[in-house]
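See structure below.
What follows draws every value from the coordinates through simple rules; no lab data is involved. Small disclaimer: the values here were computed from a predicted structure and weren't measured. Reconstructed Cβ throughout: ideal geometry from the backbone, glycine too, with neighbour counts over all protein chains shown.
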């Protein structure tokens, strides 16, 4: 995988993708890339990340409190080289908006054969599981860029 600008996508852009945005940005400081996040739904546009995501990230030295939810748009295909969806439903939602093979090829699950489940309706433990999955996937991607 060739390095490039990264967009993390989940449903509402308040739990998983803000964490992924913060984790990937934190781990990729040696690369000159842009990292952002978006949701496929418009439920939370303009809202900060879920307080549980903010707290968990802060405990790891990552401040995501200034992020604001936004919805994925067609222009994101032009702005980002890699678009990582947290689950298959959001992968399908993004792919429905693509208009070319080049655009479709930018879109992948963050975890190749696994989903990052939505922790929104659960407790803190779900957020920790999500954090660990995202951190591992991010490290794997960045390690592939170093080769």
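Residue 120: at negative phi, in contact (Cβ under 8 Å) with a residue 60 or more places away in the chain and assigned to a loop (DSSP other than H, G, I, E, B), yes or no? Answer is yes for this residue.
For (1) surrounded by fewer than 16 Cβ atoms within 10 Å (Cβ to Cβ); (2) farther than 21 Å from residue 141 by Cβ; (3) touching a helix residue (DSSP H, G or I) at 6+ places or on another chain (Cβ under 7 Å), each residue gets a yes or a no:
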{"site": "1", "(1), (2), (3)": "yes, no, yes"}
{"site": "21", "(1), (2), (3)": "no, no, no"}
{"site": "36", "(1), (2), (3)": "no, no, yes"}
{"site": "45", "(1), (2), (3)": "yes, yes, no"}
{"site": "53", "(1), (2), (3)": "no, no, yes"}
{"site": "64", "(1), (2), (3)": "no, no, yes"}
{"site": "76", "(1), (2), (3)": "no, no, no"}
{"site": "89", "(1), (2), (3)": "yes, yes, no"}
{"site": "102", "(1), (2), (3)": "yes, no, no"}
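Applying the criterion of at least 1 residues that are farther than 26 Å from residue 145 by Cα and touching a residue at least 24 places away in the same chain (Cβ under 8 Å) to the helices (runs of 4 or more DSSP H) found wholly in the range 1-112 leaves 51-59, 88-97.
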